[in-house]
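Down below is the structure, laid out as structure tokens.
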Amino acid sequence: MPLSDPMIFNAVCAQQSHEHVVLSFAARAADVLRFATIDRIGRDAQGELSGFQRPQVAAHIREIRDYLEKPNSVLPNPIVVAFIAGVEVEHMDGGIARLSIDMSDGAQGFVVDGQQRLSALAEVDRDFQVFVSALICRDEAELRRQFVLINNSKPLPKSLIYELLPTVDDLPARLSRRSEAADLTGRLNFEATSLKGYIKQHTWPEGIIADTVMQKIIMESLNNGVLRDLSRSAKGGDKCVRLISNFFDAVKRVFPEAWHGQTPASSRLLHGVGIQAMGDVMEVLAERADARSVDDFYEGLLCLQDRTAWTDGDWHFDDETRRWKSLQNVNRDVALLKHYLVGIVKADQRQRRKPAPAPLLEPSEGAA
């Protein structure tokens with residue numbers, strides 16, 4: 001068959017959604033690799049997201065390949081492939097359909113699920129057939145949406161799913177909230193902010209701060225904090241990014257030794273427990289001191305100097321003393337550190353608001 005000839009498969013058509021065509025058919029692994037590609041997630045120089053599949057996991061692929069090389073191996077789980085264009089479906093009686101894939105412009109499909117199995121099959125010297133579940137989507141946005149929803153219940157890295165959310169519309173409520181936080185996190189990491197390059201994402205593994213931790217403090221603020229009102233105003237996303245960037249710029253200036261050249265293992269300021277606690281400090285300063293600029297936050301953070309143990313020493317909490325590195329990203333320790341830092345900041349703000357004592361008046365001349 002010439003490479004440009006259409007590929008034709010007899011398929012079973014499932015009645016599922018009026019908006020989609022869902023088909024199932026058997027195909028040789030080599031043919032699947034001809035009509036479908038694995039579109040790996042990445043970002044361009046401007047930070048724009050492209051693709052959606054995670055990087056290959058070499059060890060997992062080797063395990064699958066070693067199994068498939070055995071003569072009695074089977075692979076009942078289907079490869080899920082989505083098409084946006086380049087396919088025609090001819091419906092026949094009894095739920096049977098004929099799928100024609102146009103190959104004149106190369107591969108038309110995108111692997112949505114099963115990329116590791118397919119990669120392993122490419123290394124196996126067998127004429128192995130697999131089941132293919134084909135989903136025909138109206139556009140790329142719908143393809144991404146299906147990828148997120150299909151894979152969200154499986155053990156894919158949550159970080160990958162969350163990074164894709166801002167590119168997907170019509171999500172369940174719980175994912176919509178995460179989507180906004182993921183979008184702000186990505187902007188903080190790839191735009192000109194104080195956190196540029198600091199956040200570890202699937203498309204930026206060189207980062208230090210876990211993206212899920214940043215998303216968590218942003219989600220809390222979007223729900224009940226300063227970012228809630230900012231996000232609803234004109235250019236709300238820009239204002240949210242600027243405020244968070246200004247706060248962490250101030251954090252870096254107040255605690256330079258605990259930030260620069262450090263990692264979560266060497267500084268609890270960059271650790272999940274520290275980032276979450278500082279998220280609450282940001283909220284207190286934004287609410288009680290109306291802090292918005294770098295200078296505002298810097299002034300409000302000065303009270304914490306010499307009262308933290310980010311990289312060495314002990315934390316002196318109300319009822320216990322803890323070594324600096326004993327704090328972990330668990331609920332109890334996060335709550336303990338939040339209570340401690342927020343308590344200091346609130347006390348400092350109360351002291352600032354106290355009216356200055358009235359000056360003593362000199363007795364007037366001639367007074368008794």
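The values are calculated or read from the model by the stated rules, or taken from the named source; none is laboratory data. Fair warning: this is a prediction, and the values are worked out from it, not measured in the lab. We place every Cβ from the backbone using ideal geometry, glycine too, and count neighbours over all the protein chains shown. Surface accessibility is based on the protein's heavy atoms, side chains included, excluding ligands, DNA and RNA. Shrake-Rupley method; radii C 1.70, N 1.55, O 1.52, S 1.80 Å.
Things to note:
- The angle between the Cα long axis of helix 173-190 and the longest principal axis of the Cα atoms of the chain comes to about 70 degrees, rounded to the nearest 10.
- FRET efficiency, 1/(1 + (r/R0)^6) with R0 25 Å, evaluated for residue 257 and residue 192 via beta carbons: 0.50
- Overall, the accessible surface of the chain at a probe of 1.4 angstrom is composed of carbon and sulfur to the extent of 49 percent.
- In the context of the full set of protein chains, the chain has a per residue accessible area of 52 Å² (1.4 Å probe).
- Part-to-part distance (alpha-carbon centres) for the stretch 76-121 and the stretch 226-255, which is given in Å: 45 Å
- Positive end of the dipole of the stretch 54-130 (Cβ unit charges, origin at the Cα centre): among 119, 99, 80, the Cα lying farthest that way belongs to 119.
- Dipole of the chain [Lys/Arg +1, Asp/Glu -1 at C-beta], most positive-end residue of 67, 264, 315: 315
- Each of 286, 250, 233 was scored by the projection of its Cα onto the charge dipole of the stretch 226-337, and the greatest displacement toward the positive side belongs to 233; charges sit on the C-beta of Lys, Arg, Asp and Glu.
- Between helix 58-68 and the chain: long-axis angle, C-alpha atoms, 0 to 90°, nearest 10: 30 degrees
- Interchain or long-range residues, amide H under 5 Å from residue 21's placed H: 136
- Each Lys and Arg contributes +1 and each Asp and Glu -1, all at the Cβ; summed about the Cα centre of the chain, the dipole is approximately 820 debye.
- Net charge, residue 245 excluded, C-beta distance under 14 Å - Lys, Arg +1, Asp, Glu -1: +2
- Under 25 Å from the Cα of residue 216 - lysines, other chains or at least 8 residues apart: 154, 158, 196, 200, 235, 239, 252, 325, 338, 346
- Using the Cβ-Cβ distance between residue 288 and residue 328 with R0 set to 35 Å, the FRET efficiency from 1/(1 + (r/R0)^6) comes to roughly 0.75.
- The largest-to-smallest principal axis extents of the Cα set in the chain are 117, 44, 34 Å.
- Beta bridges assigned by DSSP with both partners in the chain are antiparallel in approximately 75 percent of cases.
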